[in-house]
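Where a number appears in this text, it was derived from the coordinates with a stated rule and is not lab data. Quick caveat, the model's predicted, so the values are computed rather than measured. Positions of Cβ are backbone-derived with ideal geometry, glycine not excepted, and every protein chain shown enters the neighbour counts.
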Amino acid sequence: MKRIYFDYNATSPLRPEVYEAMSVYLKSQFGNASSIHEEGRKAKEGVMVARESLAQVSGCDPEEIIFTSGGTEANNLALKGAFEYFYPQKKKIIVSEIEHPSILETCDYLASRGATLVKLPVTKEGIVDATLLEASLSDDTLLVSVQYVNHETGVIQPIQDMGRLVQSKGILFHVDAVQALGKLPMSFSALPVDLMSVSSHKISGPKGIGALILKQGLKLQALVHGGNQERKRRGGTENVAAIVGFGKACDLISEMGGQDQERIEKLRNYFEAKLKSQFPTISIQGESVPRVGNTSNITFEDITSETLLLNLDLQGVSASSGAACSSGSLDPSPVLLAMGLSENLALSSVRFSFGAATCQNEIDVALKILSNIVERFRASV
């Protein structure tokens, strides 16, 4: 049986069109984009076209884009670059408790270097508490960083309201939009945002490439030295093939115009409705607030996510718990704990995330498999 992949928030399969676009730059157009000869000029042209494609889909100026090795590096550059440039005049960094590890662990590192770190709690639905955010802002606040879309629940933060509040105080606002690109209409220029991180492999582009979008005129300390690439903001020979692939993935988003996301959301809603009708005791995290249409985080209460995921995998269905495996034990999700779930409930939650290749038949087959697993487990206890 063909495997069913429901883990698009972790990564997405490379689109054939992206592979074809990249293959040219892996074979015939292999030049260094910094070289002045013909091979270099053709490589540079590929980078320029991709930069335009990302600018179009994210609503920014091409010159505001800094290509990085992915969303993690983009988040590191945003936080470390701002801290190194503005410290010690400003040193407070404010984030939420449900950010991606590339934000939280970077903040912990900066705290060891002198930053004052504030981690804001969230509501039971996973929304940052706006009152506490406002109360935390002070004259020494350097930056606020908030995820646009949560990687585990799909919950959408009210970026417009938070951004206006933060920027009204003269404070930088960074948004981790890795899970938002391709799932939400986006315009960096229209948002009250100073820095925004995006990634290629979440939108069916290649791994190892992302970008930090930086408002024109804003200064950051570079993290990678040794070249003038990306206007001296990120040294090193450009990964031309990956950049071209990222650009092609952006083109495909532009061509679809949101139609595919509408289709995916209908499938997600169908999936949730069927599960709720069969298992009324399940709960869907973030269900009552805005979510992106591809993500469903479901708590089964009396069966662990480890049991579900192992049995799903054995029967050809890939999903995720959003939890970290360490020393052979499954830890409860920090995101779900921050939303008020007990450890037991957090350890009974599974994330299903859908994408471009997801179809009705896959949903129906997976529902049958999942139902059989749950019923078999409940009958055995």
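Where does the charge balance sit around VAL193 when Lys and Arg score +1, Asp and Glu -1, over other residues with C-beta under 13 Å from its C-beta?
-2
Over what distance in Å are the Cα centres of segment 1-21 and segment 331-381 separated?
Cα centroid to Cα centroid, the span is 21 Å.
Given axes a ≥ b ≥ c from the Cα gyration tensor, I'd like to know whether the chain is rounded (a/c under 1.5), prolate (a/b larger than b/c) or oblate.
Judged from the Cα gyration tensor, the chain comes out oblate (a/c at least 1.5, b/c at or above a/b).
Compute the signed sum of charges (Lys and Arg +1, Asp and Glu -1) over the other residues within less than 15 Å, Cβ to Cβ, of ASP302.
Residues near ASP302 contribute -2 overall.
Could you compute the net charge surrounding SER28? Neighbours are other residues with a C-beta less than 11 Å from the C-beta of SER28; K and R count +1, D and E count -1.
+1
Using Cα centres only, tell me the gap between segment 67-91 and segment 172-190 in whole Å.
17
Helix 101-112 versus the longest principal axis of the chain: what is the Cα-based angle in degrees, 0 to 90, to the nearest 10?
That helix lies at roughly 60 degrees to the long axis.
Mind checking segment 82-117 for GluC sites (Glu not before Pro) that DSSP puts in a loop (not H, G, I, E or B) and that have at most 16 other Cβ atoms within 10 Å?
GLU97
Report the longest stretch of the chain that contains none of the trypsin sites (Lys or Arg not before Pro) sitting in a DSSP loop with at most 16 other Cβ atoms within 10 Å.
The segment 220-381 is the longest one with no such site.
For the chain, what's the relative contact order in percent, using C-alpha pairs closer than 8 Å and at least 6 residues apart?
23
Under the rule a/c < 1.5 gives rounded, and otherwise a/b versus b/c splits prolate from oblate, where does segment 123-273 land using the Cα gyration tensor?
Oblate, because a/c is 1.5 or more while a/b does not exceed b/c.
Per DSSP H run of at least 4 residues, take -39500 (n - 2.57); add these up for the chain, divide by its residues and hand me the 222 nm value, nearest 500 deg cm²/dmol.
Theoretical 222 nm ellipticity from helices: -13000 deg cm²/dmol.
To the nearest 20 Debye, how big is the dipole of segment 16-256 about its Cα centre, given +1 on the beta carbon of each Lys and Arg and -1 on that of each Asp and Glu?
520
Residue separation times 0.36 nm, minus the C-alpha to C-alpha distance between GLU343 and GLU125: what's the value?
76.8 nm
Quick check: convex hull of the Cα atoms in segment 215-356, volume per residue, rounded to a whole Å³?
Roughly 214 Å³ of hull volume per residue.
When a footprinting reagent is the concern and you count Cβ atoms within 10 Å, what order do ILE298, ILE213 take, fewest first?
ILE298, ILE213
Projected onto the charge dipole of the chain (+1 at Lys/Arg Cβ, -1 at Asp/Glu Cβ, origin at the Cα centre), which of SER96, SER53, THR358 gives the Cα projection farthest towards the positive end?
The residue sitting farthest along the positive end of the dipole is SER53.
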